[in-house]
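Student: Here it is, the structure in full.
Every read-out reported here was derived from the displayed coordinates using simple, explicitly stated rules and does not represent laboratory data. Note that the structure is predicted; figures quoted are calculated from it, not measured. We place every Cβ from the backbone using ideal geometry, glycine too, and count neighbours over all the protein chains shown.
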Amino acid sequence: MVRVRLLAAAILAAGLTLAAGIPARAVVPPVPDPAKDRVVSLWPAQMPAAGISGQYGPSGDGFLTLPYLGDWHIVTSIFDHCSPTYGQNGRICRFDGVVAEAGPNDPAGLYQGYPLTPGGKNDLYYEGHDGYDLSLYFEQVLAAADGLVSYADWATPGCATCSFGQGIRLDHGNGFDTLYGHLSRLLVSRGQWVRRGQVIGISGKTGSVSGAHLHFGVYRHATWNPIDPFGWSGPGRDPWPEDVGNLWLGGAAHTPNVAIPKVAVRAVPVTGSYDVQVSWSSPGDSVTYDLTEYADGASGAPLLAGSTDTTAVVRGQPDHSMWFLVTAHTSLGLWDRGASPLVGFSLPARSKGPL
């Protein structure tokens, strides 16, 4: 269970409870509110410059990739090596040995940011955290590796604001699980096998949170003890004895190497007729397409669904205009949409006869 920083810097705390195997009750996730939730630029960057893309520890033995695609997302709370048990001991320890300690402006009982002792400008958030908070604002969440969905449900059935809200747990078959918490939507179910980079849910703010984000955690399968996928690269012995070293694929935290769909659509009138030649394309793995026609501002008329076709001829009408929307879906659940230019047909000019 995790939290992100409010602009007032106070972060509440709650215990992690996992109600595995309990059927979910009817719960309505909170509605996204961009004016209140998307304050990404003001959150502190809690990782060193190389922490999310550089290399720490041994490489070659890891298996994880980041649970998102696209641009780098700010880390708003880190794994606390000093006590990743949601308890308090007055300090936060980052994987590279950076330590932040509680000061006079950190009242007891509040999970606030602790100032960085090496003279850094940002604080570290928050004490006792057992994973990483990533600033994903109602975005696609991806499986960090191949695995079996062992849990996809509410942490506390009947409560949309308890613990990590809606979450997914993947068993990777190698002694480690990953947890994806605070989701607004679940797109997989228990017992389903998923692949690296597959869309498994949409991030959100269900559970005990102060803003939309993703809690990403790695745990030992047998004991559910948390571990840091970055391992420990600081001086001396790791304060948290459960860690096993760097678990990132190739030794660095990168997004998965999957083709991202990007749709291109063309619509060209066929000479001498009212037909329109529509064609489309997109990169991606096993792409299928939906084609929808829009005419004169009317609601869309579906023409194709789940098709592998990349071209179609559509009949137009004189003195009417039309355009086309194509949605591409990949086998990993990624999707993109593209629209064609507007195509119009005019009535032939009338010949002038006698008055």
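Student: Could you tell me whether region 132-175 comes out rounded, prolate or oblate from its Cα gyration tensor? Rule is a ≥ b ≥ c as square roots of the eigenvalues, rounded for a/c under 1.5, then prolate if a/b exceeds b/c, otherwise oblate. Walk me through the numbers on the way to the answer.
Tutor: Values: a/c = 2.40, a/b = 1.31, b/c = 1.83.
Note, shape of region 132-175 comes out oblate.
Student: Then there is this: About its Cα centre, how strong a charge dipole does region 290-349 have in debye, to the nearest 20, once Lys and Arg get +1 and Asp and Glu get -1 at the Cβ?
Tutor: Values: 2 positive and 6 negative charges, 8 e Å.
The calculated dipole for region 290-349 is roughly 40 debye.
Student: Further question: Rank by packing, highest mean first: peptides 165-171, 277-283, with packing defined as the count of other Cβ atoms within 10 Å averaged across residues. Display every interim value, and only then the final one.
Tutor: Details: 165-171: 23.4, 277-283: 19.1.
Going from most to least packed, we get 165-171, 277-283.
Student: Here is a further query. So what are the ³J(HN,Hα) numbers for region 335-340, from phi and the Karplus equation (6.51, -1.76, 1.60; θ = phi - 60°), rounded to whole Hz, Gly and Pro as x?
Tutor: Coupling constants for region 335-340: 8, 7, 10, x, 10, 8 Hz.
Student: Another question, if that's okay. Taking H placed 1.01 Å from N in the peptide plane, check which residues at least 5 places from residue 303 or on another chain put their amide H under 5 Å from its amide H.
Tutor: When sequence neighbours closer than 5 places are left aside, the close amide H contacts are 291, 292, 293.
Student: I want the local charge near residue 132. Using Cβ-Cβ distances under 12 Å, sum +1 for each Lys or Arg and -1 for each Asp or Glu among the other residues.
Tutor: Details: positive: 94; negative: 80, 130, 133, 228.
Spelling it out: positives minus negatives among the neighbours equals -3.
Student: Can you give me the long-range amide H partners of residue 244? Hydrogens built in the peptide plane at 1.01 Å from N, cutoff under 5 Å, separation of 5 or more residues or another chain.
Tutor: Amide H to amide H, under 5 Å and 5 or more residues apart or across chains, residue 244 pairs with 228.
Student: List, in order, the whole-Hz ³J(HN,Hα) value for each residue of region 286-292 obtained from phi through the Karplus relation with A = 6.51, B = -1.76, C = 1.60 and θ = phi - 60°; use x for Gly and Pro.
Tutor: Each residue's phi maps through the Karplus curve to give 6, 7, 10, 10, 10, 10, 10 Hz.
Student: A further question follows. For 71, 309, which order do you get if you count the other beta carbons within 10 Å of each Cβ and list the fewest first? Can you show the working numbers first?
Tutor: Numbers: 71 6, 309 12.
Fewest-to-most Cβ neighbours within 10 Å comes out as 71, 309.
Student: Report ³J(HN,Hα) in whole Hz for each residue of region 312-325, in order, from the Karplus equation J = 6.51 cos²θ - 1.76 cosθ + 1.60 where θ = phi - 60°; Gly and Pro get x.
Tutor: For region 312-325, the Karplus-derived couplings read 7, 10, 10, 7, x, 9, x, 6, 10, 10, 8, 8, 10, 10 Hz, x marking Gly and Pro.
Student: Right, something else. Amide H of residue 336 versus every other amide H placed in the peptide plane: which residues, excluding those fewer than 5 positions away on the same chain, fall under 5 Å?
Tutor: Long-range HN contacts for residue 336: 328.
Student: Using Cβ contacts closer than 10 Å as the measure, can you line up 159, 93, 82 from fewest to most? Walk me through the intermediate numbers first.
Tutor: Numbers: 159 16, 93 25, 82 19.
In order of increasing Cβ crowding within 10 Å: 159, 82, 93.
Student: Students often check this: by mean Cβ neighbours within 10 Å, which of 240-247, 206-213 ranks highest, and how do the rest follow?
Tutor: Values: 240-247: 18.9, 206-213: 24.9.
Top to bottom by mean Cβ count within 10 Å: 206-213, 240-247.
Student: Okay, moving on. Sorted from fewest to most neighbouring beta carbons within 10 Å, what does the list 321, 340 look like?
Tutor: On the way: 321 15, 340 22.
Going from least to most buried by this count: 321, 340.
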